[in-house]
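Colleague: Would you mind keeping the following structure in view while I ask a few things?
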Amino acid sequence: MRRVIGHPPHPGPGAGILSRASGWNDDDMSSLSIPQVTYLGGHPERADETRGLTAVVDRSGILLRRPFRRFLTFSWGALRGLEVRTPDFLTLISSRSAYDDGSSLHLHLDRGVCRFHVHGVPAPDLRARLASWVADTAGPPAPLPAMPPPPPRGSSGPLDVVRMSLDLWRVAGLGRESLPDRGTLAYRLSLAEDHRRCGRHGEAIALLEPLAAGAAQAFGPVDEDTLKVRNALGQAYLEAGQVDDGLDVLREVVAVAEHLHGDDGALTLVVRNNLAIAYQHAGQYAQAIELHEQNIRHTERNPQGRDSIETVGRRNNLAATLALAGYRERAIELYWEVLDALPDGYRSQTLAVNARQNLAILHNPSWTP
């Protein structure tokens with residue numbers, strides 16, 4: 001099962017029971033029928049604009065059909081992104097469809113983007129009804145369990161054990177060497193990060209523990225570079241399965257950063273985000289959500305305001321945590337906010353691609369964290 005991407009408090013309110021008067025079929029909540037759909041293009045097998053389609057959304061995917069036969073089928077696994085928005089001017093003038101207050105539905109595939117117009121249903125309504133349908137169909141939410149500790153590193157024999165012991169001894173010795181300047185500290189921190197990313201958590205910790213002590217002695221315990229080393233140490237502890245140690249270190253770093261740089265300082269926002277991710281990995285979602293929301297409030301007060309790229313990125317992190325915590329409908333709502341806040345020039349950038357991909361994942365009722 002694909003995982004939500006990003007670093008996902010109660011779920012947002014549902015959109016209510018769908019009524020037959022709205023043109024939406026709710027006789028069987030395992031599927032949702034959306035009438036008056038026009039295909040606009042984007043599929044290699046269908047070149048012409050086609051009106052009078054019905055979209056049926058169910059556990060297998062999205063089926064577009066004519067009155068008596070299939071038109072196009074999209075399985076959930078084939079979708080690389082999903083987007084619902086108000087039709088833009090270019091879409092309307094390039095289509096033979098009459099203007100109305102409908103919505104554009106875009107389905108992203110490996111081979112392109114299929115575009116549809118849904119007549120008579122504004123984008124906010126279509127979004128809400130899709131979210132309500134998948135929440136009802138998927139059933140009660142269940143959070144992703146805490147991240148298990150990594151398996152112990154295997155060895156191929158006594159010589160391998162000796163080699164690993166020597167590696168630990170070398171990096172620990174490097175961490176204890178004097179720090180003549182900040183460039184040396186940056187190099188050692190980078191080396192520790194390389195070990196951590198490669199899964200050599202023991203080597204990363206063996207280097208970072210004495211390096212943190214050395215940085216505190218050379219530059220001061222509350223120096224920004226010292227805090228960066230301690231932040232890396234906290235993350236290494238977490239990834240090594242030493243959850244309590246990792247959380248303790250990151251909590252201390254956040255407290256010092258808040259005291260020195262303020263609640264909304266750049267470093268404070270970064271380390272608070274890292275602490276939120278640490279709580280998420282530990283399965284402590286309430287604390288993670290609270291910290292992400294705190295970061296969003298601080299960035300919204302900055303001069304750029306609510307729709308700055310920094311705020312949108314932090315909203316994306318909260319959405320991922322909400323999804324992994326089991327709050328599917330609230331996560332979907334927040335990913336729509338991410339997309340709406342991004343200018344048109346950012347629609348091909350990582351944040352937009354990530355949001356569209358996660359919306360496709362979250363609308364699949366068979367997906368679980």
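The values are calculated or read from the model by the stated rules, or taken from the named source; none is laboratory data. Because the structure is predicted, anything quoted here is derived from the model rather than measured. All Cβ positions, glycine included, derive from the backbone under ideal geometry; neighbour counts span all protein chains shown. For the accessible areas, the whole protein counts, side chains as well, though only heavy atoms, and no ligand, DNA or RNA atoms are used. Shrake-Rupley method; radii C 1.70, N 1.55, O 1.52, S 1.80 Å.
Colleague: Quick one: net charge around Ile205, please, counting Lys, Arg +1 and Asp, Glu -1 for every other residue with C-beta under 10 Å from its C-beta.
Modeller: Details: positive: Arg196, Arg200; negative: Glu203, Glu209, Glu239, Asp245.
Surrounding charge for Ile205 is -2.
Colleague: Read phi for every residue in the stretch 235-241 and hand back ³J(HN,Hα) as whole Hz from Karplus 6.51 cos²θ - 1.76 cosθ + 1.60, θ = phi - 60°, with x for Gly and Pro.
Modeller: Each residue's phi maps through the Karplus curve to give 5, 5, 4, 4, 5, 7, x Hz.
Colleague: Toward the positive end of the charge dipole of the stretch 227-369, about the Cα centre and with charges on Cβ (Lys, Arg +1; Asp, Glu -1), which of Thr268, Trp367, Ala257 goes farthest?
Modeller: Trp367
Colleague: Something else: Grab the Cα-Cα distance for Arg301 and Met147, subtract it from 0.36 nm times how many residues apart they are, and report the gain in nm with one decimal.
Modeller: 52.1 nm
Colleague: Can you sort Cys198, Cys114 by 1.4 Å-probe accessible area, starting with the largest?
Modeller: The residues order as Cys198, Cys114, largest area first.
Colleague: Please work out how much length the chain gains when fully extended from Glu290 to Leu168, using 0.36 nm per residue of separation minus the C-alpha to C-alpha distance, in nm with one decimal.
Modeller: Going from the current span to full extension adds 40.2 nm.
Colleague: Same structure, new question: Can you give me the Cα centroid spacing of the stretch 163-199 and the stretch 116-144 in angstrom?
Modeller: With the stretch 163-199 and the stretch 116-144 each reduced to a Cα centre, they are spaced 49 Å.
Colleague: Can you work out ³J(HN,Hα) from phi for every residue in the stretch 323-330, in order, using Karplus 6.51 cos²θ - 1.76 cosθ + 1.60 and θ = phi - 60°, giving whole Hz and x for Gly and Pro?
Modeller: Running phi through 6.51 cos²θ - 1.76 cosθ + 1.60 with θ = phi - 60° gives 4, 5, 7, x, 8, 4, 5, 5 Hz.
Colleague: Then there is this: So who's got an amide H within less than 5 Å of the one on Phe71, skipping anything under 5 residues away but keeping other chains? H placed 1.01 Å off N, in plane.
Modeller: For Phe71, whose amide H was placed from the backbone, the distant partners under 5 Å are Leu64, Arg65, Arg66.
Colleague: By how many nm would the segment from Ala47 to Gln349 lengthen if fully extended, with 0.36 nm per residue of separation less the alpha-carbon distance?
Modeller: That works out to 106.0 nm of additional length.
Colleague: Another question, then. How many nm separate the modelled label positions at Ala186 and Asp88, each set 7 Å beyond the Cα in the direction of the Cβ?
Modeller: Label at Ala186, label at Asp88, 3.9 nm between them.
Colleague: List the trypsin sites (Lys or Arg not before Pro) within the stretch 279-324 that fall in a DSSP loop (any state other than H, G, I, E or B) and whose Cβ has at most 15 other Cβ atoms within 10 Å.
Modeller: Answer by residue number: Arg301, Arg306.
Colleague: Determine ³J(HN,Hα), in whole Hz, for all residues of the stretch 263-275 in sequence, where each value follows from phi through the Karplus function 6.51 cos²θ - 1.76 cosθ + 1.60 and θ = phi - 60°; x replaces Gly and Pro.
Modeller: Here the 3J(HN,Hα) series is 5, 10, x, 4, 5, 4, 4, 5, 6, 5, 4, 5, 5 Hz.
Colleague: Treating the beta-carbon of each Lys and Arg as +1 and of each Asp and Glu as -1, no other charges, what is the dipole magnitude of the stretch 152-301 about its Cα centre, to the nearest 20 debye?
Modeller: It works out to roughly 400 debye.
Colleague: Remind me, relative contact order of the stretch 199-342 in percent, using alpha carbon pairs under 8 angstrom and six or more residues apart?
Modeller: For the stretch 199-342, the relative contact order is 13 percent.
Colleague: Going by amide H atoms built from the backbone, whose H comes under 5 Å of the H on Gly102, apart from near neighbours?
Modeller: Correct list: Gly120, Val121.
Colleague: Moving to a separate point now. Can you tell me the FRET efficiency between Asp58 and Glu252 if r is taken as the Cβ-Cβ distance and R0 is 35 Å, rounded to the nearest 0.05?
Modeller: Step by step, r from the Cβ atoms, then E = 0.10.
Colleague: Can you give the FRET efficiency for Arg69 and Asp101, using 1/(1 + (r/R0)^6), R0 = 22 Å, r = Cβ-Cβ distance, to the nearest 0.05?
Modeller: Working: r = 30 Å, r/R0 = 1.34.
E(calc), rounded to 0.05, equals 0.15.
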